[in-house]
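Structure first, commentary second.
The values are calculated or read from the model by the stated rules, or taken from the named source; none is laboratory data. Just so you know, these numbers come straight off a predicted model, no measurement behind them. Counting neighbours? That spans all protein chains shown, and the Cβs are built from the backbone with ideal geometry, glycine included.
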């Protein structure tokens, strides 16, 4: 934060020095408009300001579009994270069911004779 303040002060000091050194009056003509006896520094700073304003106006649509895209992508990420959590919960449920089924199968095999061979289905 202090760095920005120092840079702003340096920029302001530079602008003041520029204005003092370029105080001679000039006449500016543009189309049907004529501005006589304006300080050169004021004219130059005005032109720079207008240039900054025009560049801002040109860049605003892309900035808005980028923010909209970021917002849309953040929503999509949230949806996908929710889906991942749901899938992880489903996997945990299925793994618990599988463990229970294995336990039941092992107890059934022990009741049938203690062999480790899988139980074959009966053919009628």
All but one of (1) without any contact (Cβ under 8 Å) to a residue 12 or more places away in the chain; (2) surrounded by 10 or more Cβ atoms within 10 Å (Cβ to Cβ); (3) part of a helix (DSSP H, G or I) hold for residue 42; which doesn't?
(1)
Would you pick out the residues in region 2-13 that are at pLDDT below 85 and more than 35 Å from the chain's Cα centre (by Cα)?
none
State whether the residues of region 24-35 include one that is loosely packed, with under 10 Cβ neighbours inside 10 Å, within 23 Å of residue 13 (Cβ to Cβ) and free of Cβ contacts under 8 Å to residues at least 60 places away in the same chain.
yes
What do you reckon, is residue 94 under 30 Å from residue 21 (Cα atoms) and surrounded by 10 or more Cβ atoms within 10 Å (Cβ to Cβ)?
no
